[in-house]
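Engineer: Before we start, here is the structure in question, set down as structure tokens.
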Amino acid sequence: FGKRAMGIRVVRMDGARVAFSRFIFLRWLPVAVLGCIPFVGWLITSLVDPLLIFRESRQCLHDDIAGTRVVTAASSTEATLRGDPKYAGANLRTIDF
């Protein structure tokens, strides 16, 4: 609901829509498991993951693991459930701060 309200969307690197299983098992679960490691888990999930967004690629750790990125919803209207090659290199606008 929050992404819809902000007008953003999570897509795969080729511009295709992210399947629910990829969203949970590759984007959310690995970071949650890292967060369970005593003493360093909170450091990874609270500092490292969010601070990685200030890199040139604008991707957090969970985006790197899942092969996803956050784009404006208007630029990803043609996202499909399949990684269709015709969307490779699509003109997706990433979020600017």
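Engineer: Compute the signed sum of charges (Lys and Arg +1, Asp and Glu -1) over the other residues within less than 14 Å, Cβ to Cβ, of T68.
Structural biologist: Around T68, the surrounding residues sum to +4.
Engineer: While we're here: Within region 28-71, which chymotrypsin sites (Phe, Trp or Tyr not before Pro) sit in a loop by DSSP and count at most 11 neighbouring Cβ atoms inside 10 Å?
Structural biologist: F39
Values quoted throughout were computed directly from the atomic coordinates according to the rules given, and no laboratory measurement underlies them. Everything numeric in this text was worked out from a predicted model, so none of it was measured. In this analysis, Cβ positions are derived from the backbone assuming ideal geometry, glycine residues included, and neighbour counts consider all displayed protein chains.
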